Each structure stands twice: as C-alpha cells, then as structure tokens.
Amino acid sequence: MEKVYDVIVLGAGPGGLAAGLYAGRSRLNTLIVEKGQDGGQIAITDEIENYPGQRVDIEESGPSLIARMTAQCEKFGCERLSATVKAVELEGDIKKIVTTKDEEYCAKTIILATGAHPRKIGCENEAKFTGKGISFCATCDANFFEDFEVYVVGGGDSAVEEAMYLTKYARKVTLIHRRDTLRAAKSIQEKAFKNEKLSFMWDTVVEKVDEGDIPNMLGKMWVRNVKTDEVTVIEADEDDGIFGLFGFIGMIPETGLFEGVIDMENGYVVTDENMATNVKGVWAVGDMRKKSLRQVVTAAADGAIAAMQAEKYLSEME
C-alpha cells in the first residue's frame, strides 16, 4: 500500500511551517508541500520588526526568519516536497493530493496553508520596487517610512483605514483613488476627511514607478488622471530621496482548489477557533483563512493550533 502520512501541510509560509514544526515535534509523520520558495509573502520582505522575540541588535529579514523556521521543521523530521498541487480529495478518512506530475500523496489529515497575495497596483516596474518602496502591508512597513511622504492606492475600507494608520508615522499621506468618491464606509470616510495629514488624489491611477536619486529605491512615479488623461510626474522630496507607495486594492486568497468542498466567504476559508474547516480532518491556517489580522505572528499561531488539533484527531482515530 502507498505511504499514508499523518499530516500533509499544503504551503510553507509561516503558518504552514509552524504547523509542520508542531506536527513533527509531536512525532507525526509529516509532509510539507510548497510550489515555490518557503515563506510566502514575507520571503520578499527586506526587514521585519514586529515578530515577538526576535533580536533587536541585528536586522531581521523575511528570508532569515523563514530559514530558521525551515530548519526547525527539518530538525523534527518533516519531509519536504517541491511541487504544484493540481487536485485534492479531502473527504473520507484518507485524504489525497495530486501534483501536476500526476504524483499522488495520501494523509489522514490535511492542513491548508496556501496563503493569499495582494492584488497588484498594476503599474510598470511594480515588481522591481516591491520591498524597495512599494509595500502591501502598513502594519509591517509603516515604521520604515517615519517622517517620509507616503502614497496609498485604493478607496475601500482597508485602503482608507491603512492610510489613516500610516499618518501616525509618515509626515504626509496621499490616497490615490481612480474614482471621485471613496468606497469605504461613511464612518471611516468621516474620520479620514478630518485627518489633517491625509490628502486625496481623485480620478487617478499609477502608471509607472522608477528610482530617483537613490539607486534601486522608489523615488519617482507617473500618475494619470483618468478623466483628462493628464500625466503628472511625482518625485521624492530632495531631502528624502525616497517615498512609500502602498497598495490596498484587495487580497486574492489561494483557495481555488478547494471551491465546492470547503466553506468559504469571499474566497477565504471559514474555520472555527481551532482552525477546523467544515470537512473532518482538514484545517486551514494563515492568510487564506477568514480572519481580522494577517501577520507572521498570527499565521504561526494558526499553524500551531491546527497541528495540535490534528494530533488530537489522530489519537482519537486509534
């Protein structure tokens, strides 16, 4: 009979690696599957300041934090598979995943940790300056733009709330919105319009970004008025050399494989407080899950909880 793992973890971001660590340490036969590089979104984060317990005398990057998480999983015996999963069978006592190479792997439990990714701003050179001036997480990166100018793209609840959060750090925040009215709730709008550090650039989209006086750092962008087609070049203040550009036009959860089987809301997997989905023996963790805060620390907590619940489930099966 083909090998049946105790746990298969789909995804090697902070949530998936934390699940693997806890499962492996519980002596569960664990396989972690990842299609790309470990770390998910934080793999491209240059600096992390808000993960509890990290050293403050040295810079902590996303890759360095993830490298340690990966090493911990290896220490506790987690097997690894680099593959893209094209199909899953989650019902029944034995779950199955199928890779694009038609390889099949079976497990008694599955922990979904496939993550989510921000909807891109859609401007030229965006990828080049992501992590070098362009960010999609105010909570993660606001400190890096203290006393700098910052621009925020979006007009919904998240964009306006994050823009107001950024005013605690930046000396000036400008919200760029492609329409002439915000989509955010009226109560949020009222607070935003009263904020003296927050201004608005209506009917505008970002067309292109580039470096300014500081090589390889965001220092210039071209914005276009969608009604007049007029293009304006915005350059960083001479004393700053850089500015921040935050995109908040939505997240895209990586949950397409589970549609029709796992309960979802707006594409996010719905779980209980123990990370359990509606399917017995299947848990979901991290950014793919419906939750109020998407951070490394909350993903890691999700993973730990899910692994311990999987261990409990397996012990009750015996």
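The values are calculated or read from the model by the stated rules, or taken from the named source; none is laboratory data. Small disclaimer: the values here were computed from a predicted structure and weren't measured. Positions of Cβ are backbone-derived with ideal geometry, glycine not excepted, and every protein chain shown enters the neighbour counts. All accessible areas refer to the heavy atoms of the entire protein, side chains included, with ligands and DNA or RNA removed. Shrake-Rupley method; radii C 1.70, N 1.55, O 1.52, S 1.80 Å.
For the chain, the carbon plus sulfur part of the accessible surface works out to 46%, probe radius 1.4 Å. Between TYR165 and GLU89, the modelled label-to-label distance comes to 4.2 nm, taking each label 7 Å out from Cα in the direction of the beta carbon.
Would you please give the FRET efficiency between ASN216 and GLU316, computed as 1/(1 + (r/R0)^6) with r the Cβ-Cβ distance and R0 = 51 Å, to the nearest 0.05? Before the final figure, lay out the partial values.
On the way: r = 54 Å, r/R0 = 1.06.
Computed FRET efficiency for ASN216 and GLU316: 0.40.
For the range 1-144, the antiparallel share of DSSP beta bridges with both residues in that region comes to about 40%.
If you average over every viewing direction, what projected area does the convex hull of the Cα atoms of the range 101-201 give, in nm²? Working shown, then result.
Working: hull surface 41.0 nm².
Over all viewing directions, the range 101-201 projects a mean Cα-hull area of 10.2 nm².
Dipole of the chain, Cα-centred, from +1 at each Lys and Arg C-beta and -1 at each Asp and Glu C-beta, to the nearest 20 debye?
Details: 37 positive and 53 negative charges, 144 e Å.
Its charge dipole is roughly 700 debye.
Loop-only check: which trypsin sites (Lys or Arg not before Pro) in the range 269-318 are DSSP coil with at most 13 other Cβ within 10 angstrom? Here the trypsin sites (Lys or Arg not before Pro) that fit, given the DSSP loop and packing criteria, are LYS280.
Only beta bridges with both residues in the chain are counted; by DSSP, about 45 percent of them are antiparallel. Peptide packing for 64-70, 149-155, 13-19 was compared via the average number of neighbouring C-beta atoms within 10 Å per residue; ordered from the highest value, the list is 13-19, 149-155, 64-70.
Residues in the chain average 50 Å² of solvent-accessible surface per residue, probe 1.4 Å, ligands and nucleic acids excluded.
Inter-label distance, ASP229 to ASN125: 2.4 nm, where each label sits 7 Å from its Cα along the C-beta direction. Relative to the longest principal axis of the C-alpha atoms of the chain, give the angle of the C-alpha long axis of helix 62-75, reported between 0 and 90° and rounded to the nearest 10°. Its long axis makes an angle of about 10 degrees.
Working ranking of peptides 91-101, 27-37 by packing, defined as the average number of other Cβ atoms within 10 Å per residue, highest first, is 27-37, 91-101. Its Cα gyration tensor gives the range 8-123 an equivalent ellipsoid. The semi-axes, each the square root of 5 times an eigenvalue, are 27, 19, 11 Å from largest down. Size estimate for the range 173-287 follows the Kirkwood approach: the inverse of mean 1/r over distinct Cα pairs works out to 17.9 Å. Which one, THR130, ALA307, ILE249, is farthest towards the positive end of the dipole of the chain when Lys and Arg carry +1 and Asp and Glu -1 on their Cβ? The residue sitting most towards the positive pole is ALA307.
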